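Reviewing the structure listed below.
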Amino acid sequence: MLQAESVYKRFGRQEVLKGITLEVAAGEVMCLLGPSGSGKSTFLRCINHLEKIDAGRLMVGGELVGYRQVGDRLHELPESEVARERSEIGMVFQHFNLFPHMTALENVTCAPIHVKREPREAARERASALLEQVGLGDKLDSYPSQLSGGQQQRVAIARSLAMKPKLMLFDEPTSALDPELVGDVLAVMQQLARDGMTMIVVTHEIGFARGVANTVVFMDGGVVVEAGNPADVLENPREARTQEFLSKVL
Amino acid sequence: MPSSEVTEARGRPEEIKAVPVRRPGRWIAAAIVLVVAVALVRSAATDPHFEWSVVGEYLFDPRVLAGLRVTLELTVIAMAIGIVLGVVLAVMRLSPNPLVSGGSWLYIWFFRGTPVLVQLLFWYNIAALYPKIGLGIPFGPSFVHPNANALIRPFTAAVLGLGLNEGAYMAEIVRAGMISVDEGQTDAARSLGMRRMQTLYRIVLPQAMRVIIPPTGNETISMLKTSSLASVIAVGELLYAVQNIYSTNFKTIPLLLVASIWYLVCTSILYVGQYYLERYYGRGSSRALPLTPLQRIRAGLFSPRREWS
């Protein structure tokens, strides 16, 4: 589903990603761990072209992200094409980023109606089903400011799912939540993984990584330090840097 | 916890009824304000030069009312032009294309950097610069070319001058509103597949309104008064109307009072409108809404305690 081939990204003079090569198969869950500033979030934002990469190749579902290859040259995709590619990749943010001027239901129906041009009624029905699924069937008409952080994040997940994405990106989805609210969000994500959604999750929740991920990747300083199945990486890390990090967070 | 048990055992202590601090400074300041106010009112009421009877005579004079109408028309049309232009310029200003954003910058630089009175005179005299105005293909043939003097009449010149100038100010207000919206909102919208323009009018602008509305109200009030500058280019608005009258009967002060009264009436109405509009767009923000004046009066009448502030 995702193929990253020596992806480089720099901001000004600062090189944030220094050759990331990763692969995620359809239906798999990959957890990205690492200290802050290691480039995890930037990598995630590159996957749906919120950031442009400087070198390497990024492919989602066999399609280059943001570009088209003609011969051996890359052509930038027009805005509408980039938007279409993005609409097939869901993204959940650390700070939820719900639209505060819309109710929970409107947040979820907004993109299906205005981007996918779905009929209003159908979109509304599916949105209420999705909100029901994340345990918020009674909050359809609440504004984000009336919801707890955990509830907001679950609305955000429903909002992404409404576009029927083939890949879901989670950027530290529980980092901004009170400890007691983390469980609800993780439970929703766990169910999603069980239903076969392909997911890339940047997280500090080691327990979630151990229980749900097929692959755990440890990043530091813009490179992949170690990758493998959760048992190997989390229980018997080979690299000293991984051991040091895990000893601090566990 | 032991400490809370202790408090409960003693019960709630009686309410504090302290003797307020004496504030002699306040009393002196209040006395001075009162004396000045009485002196002003007395002078206005008794000084024959105010000629209140003349004021009353001309307050509803048809010529004055016609002028008032033109003033209101000018204000509404110029503000409408200003707001539309302001949104367009603000969007241009935030465009990734340097030519587009540069054009917007240049416009704002020019129209904010020259006095609006000078701009009004420019538009009034535009025929001297471009005697013929043509509509057609740039550098190619033109299809209609009316005479500039016939096209740009004083009222049109005033609307253009005031509106185009206002656009520059509104652009900055709208831009400030737009950049006050969190960038995460744009990220979220784009990750859902919205295009730039869609993100702008569905997500960013509605949220920017809360920041845009209050200064726009100020601009409207300001425009109402600035429109009096149009009297210089012979637009028959309120000030021009009273000037016309006092140039023949020499009742200068009473007629200026007539104009002032009408300006005050209009700005007062706008104040009230702005107040309620702000309340409307303030909904949903975390802070509690202040009481409306009506609610405050009601609360003041029925609460036993009066508070000084």
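Starting from the amide H of residue A:199, placed 1.01 Å from N in the peptide plane, find each other amide H under 5 Å away whose residue is 5 or more places distant or on another chain.
A:28, A:29, A:30, A:168
Considering every Cα-Cα pair within the stretch A:86-159, what fraction, in whole percent, is farther apart than 17 Å?
Cα-Cα pairs in the stretch A:86-159 separated by more than 17 Å: 37 percent.
Using square roots of five times the C-alpha gyration tensor eigenvalues, list the equivalent-ellipsoid semi-axes of chain A in whole Å, biggest first.
29, 24, 15
Taking the radius of gyration and the Kirkwood hydrodynamic radius from Cα positions alone, what is the Rg/Rh ratio for the stretch B:1-112, to two decimal places? Provide the component values of the computation, followed by the final result.
On the way: Rg = 31.2 Å, Rh = 22.7 Å.
Computed over Cα atoms, the ratio is 1.38.
When the accessible area of chain A is split by element with a 1.4 Å probe, what percent falls to carbon and sulfur? Walk me through the numbers before you get to the answer.
Details: 4950 of 11000 Å².
Exposed carbon and sulfur together represent 45 percent of the surface.
Given a cut-off of 24 Å, name the pairs among A:116/A:166; A:40/A:166; A:166/A:248; A:40/A:248; A:18/A:166 whose C-alpha atoms lie farther apart than that in the structure shown. Walk me through the intermediate numbers first.
On the way: A:116/A:166 15 Å; A:40/A:166 20 Å; A:166/A:248 34 Å; A:40/A:248 18 Å; A:18/A:166 27 Å.
From A:116/A:166; A:40/A:166; A:166/A:248; A:40/A:248; A:18/A:166, over 24 Å: A:166/A:248; A:18/A:166.
Extending each Cα 7 Å along its Cβ direction at residue B:33 and residue B:21, get the distance between those two points in nm, one decimal.
My value for the distance between the label points is 1.9 nm.
So what is the relative contact order of the stretch A:167-250, in percent, for Cα pairs below 8 Å that sit 6 or more residues apart?
Computed over the stretch A:167-250, the figure is 23 percent.
At a 1.4 Å probe radius, which order do A:18, B:17, A:166 fall into by accessible area, largest first?
Details: A:18 90, B:17 175, A:166 65 Å².
Listed by decreasing accessible area, they come as B:17, A:18, A:166.
Which whole-Hz couplings ³J(HN,Hα) result when phi for each residue of the stretch B:56-62 is put into the Karplus expression 6.51 cos²θ - 1.76 cosθ + 1.60, θ = phi - 60°, listed in order with x for Gly and Pro?
After applying 6.51 cos²θ - 1.76 cosθ + 1.60, I find x, 5, 9, 4, 10, 4, x Hz.
Over all distinct alpha-carbon pairs, what is the Kirkwood Rh of the stretch A:1-138 in angstrom?
After inverting the mean inverse Cα-Cα distance, the result is 17.2 Å.
Quick check on the protein assembly as shown: of the DSSP beta bridges with both residues there, what percent are antiparallel, nearest 5%?
65 percent
Would you kindly compute the Cα radius of gyration of the stretch B:227-278 and its largest Cα-Cα separation (Dmax), both in Å?
Final numbers for Rg and Dmax: 13.5, 44 Å.
Return a whole-number percent for the relative contact order of chain A, with Cα pairs under 8 Å and 6 or more residues apart as the contact set.
Once normalised by length, the contact order is 26 percent.
Let me cross-check residue B:257: its accessible surface, 1.4 Å probe, with only protein heavy atoms counted, in Å² to the nearest 10?
Its accessible surface works out to 40 Å², give or take rounding.
Taking N as the number of residues in the stretch A:88-234, what is its Cα Rg relative to 2.2 N^0.38 Å?
The reported ratio for this selection is 1.08.
Please grab the % of Cα pairs in the stretch A:158-208 that end up more than 19 Å from each other.
Working: 276 of 1275 pairs.
Above the 19 Å cut-off, the stretch A:158-208 has 22 percent of its Cα pairs.
Dividing the Cα convex hull volume of the protein assembly as shown by residue count, how many Å³ per residue is that? Before the final figure, lay out the partial values.
Numbers: hull volume 160.9 nm³, N = 559.
Normalising the Cα hull of the protein assembly as shown by residue number yields 288 Å³.
Could you run the Karplus curve 6.51 cos²θ - 1.76 cosθ + 1.60 with θ = phi - 60° over the stretch A:174-185 and give me ³J(HN,Hα) per residue in whole Hz, x for Gly and Pro?
10, 5, 9, 9, 5, x, 6, 9, 4, x, 4, 5
Given the whole protein assembly as supplied and a 1.4 Å probe, what does the accessible area of residue B:60 come to in Å², nearest 10?
Its heavy atoms expose roughly 140 Å² to the probe.
The values are calculated or read from the model by the stated rules, or taken from the named source; none is laboratory data. Small disclaimer: the values here were computed from a predicted structure and weren't measured. Cβ atoms come from the backbone with ideal geometry, glycine included; neighbour counts cover every protein chain shown. We work out accessible area using only protein heavy atoms, side chains counted, and drop any ligands, DNA or RNA first. Shrake-Rupley method; radii C 1.70, N 1.55, O 1.52, S 1.80 Å.
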